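Everything on this sheet refers to the single structure shown next.
The values are calculated or read from the model by the stated rules, or taken from the named source; none is laboratory data. A quick note: this is a predicted structure, and the numbers were derived from the prediction, not measured. Positions of Cβ are backbone-derived with ideal geometry, glycine not excepted, and every protein chain shown enters the neighbour counts.
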Amino acid sequence: MKILGIDPGLDRTGWAVLEKTGSAPPVLAASGLIHTPPRMPLEKRLLHIFDTLSLLIKEQQPAEAAIEEVFFSKRASTQASTTHARGVILLACEKGGLVISAYNPLTIKKTISGSGSAEKKQMQRAVQLTLKLAAVPEPDDVADAMAAALCHLRLAPFAKALAAAKARVPAKAGARC
């Protein structure tokens, strides 16, 4: 199964495709960065992200996508730009027929490094070791996309099993879950 990990951004969107077969460890199939120039009009930048990601999905044929959720505490303009980019990323994944999951940065960090407060360098090193890469993945947007995909590979089986179990158990009238 192929998983597309995405770290959304208007300026730089990191992506990575991981392939997992049976009980074998995941393997990095491809990765890269979608860059849009800051002076390009917003609608052209969004179109570039959408078109590039749509082509990537067609070529790589992942079954699922793991997208890092937007988390900001600083500039509202950066948050709005990233939210726009995330919207066209979700659209491209939906049009490509991918099952989409979203993970917040804290969950990704804790799942991959064991610490929700891991620094960028620590995350890059954890991704390198997990995927047995010769070098630390760079830039950090691409490493973050790899981490999102790894997080999905670790958490999705449990989420699917839980959903299946809930579907089998009939709800009792008046009972709260």
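Summary of computed values
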| read-out | value |
| --- | --- |
| Count of residues meeting criterion [closer than 19 Å to residue 153 by Cβ and touching an Asp or Glu at 6+ places or on another chain (Cβ under 7 Å)] in segment 124-142 | 1 |
| Only listed residue being over 23 Å from residue 58 (Cα atoms) and modelled with pLDDT of 95 or more, chosen from 102, 118, 163, 135 | 135 |
| Hits in segment 55-69 (condition: in contact with a Leu (Cβ under 9 Å, 6 or more places away or on another chain) and assigned to a helix (DSSP H, G or I)) | 56, 57, 60 |
| Residues that are farther than 13 Å from residue 92 by Cα and surrounded by 14 or more Cβ atoms within 10 Å (Cβ to Cβ), drawn from segment 33-59 | 33, 34, 35, 36, 45 |
| Total residues in segment 72-86, condition among the hydroxyl-bearing types (Ser, Thr, Tyr) and either modelled with pLDDT of 90 or more or surrounded by 13 or more Cβ atoms within 10 Å (Cβ to Cβ) (or both) | 4 |
| Any hit, segment 7-15, residues being assigned to a loop (DSSP other than H, G, I, E, B), farther than 15 Å from residue 59 by Cα and under 12 Å from the mean Cα position of the chain (by Cα) | yes |
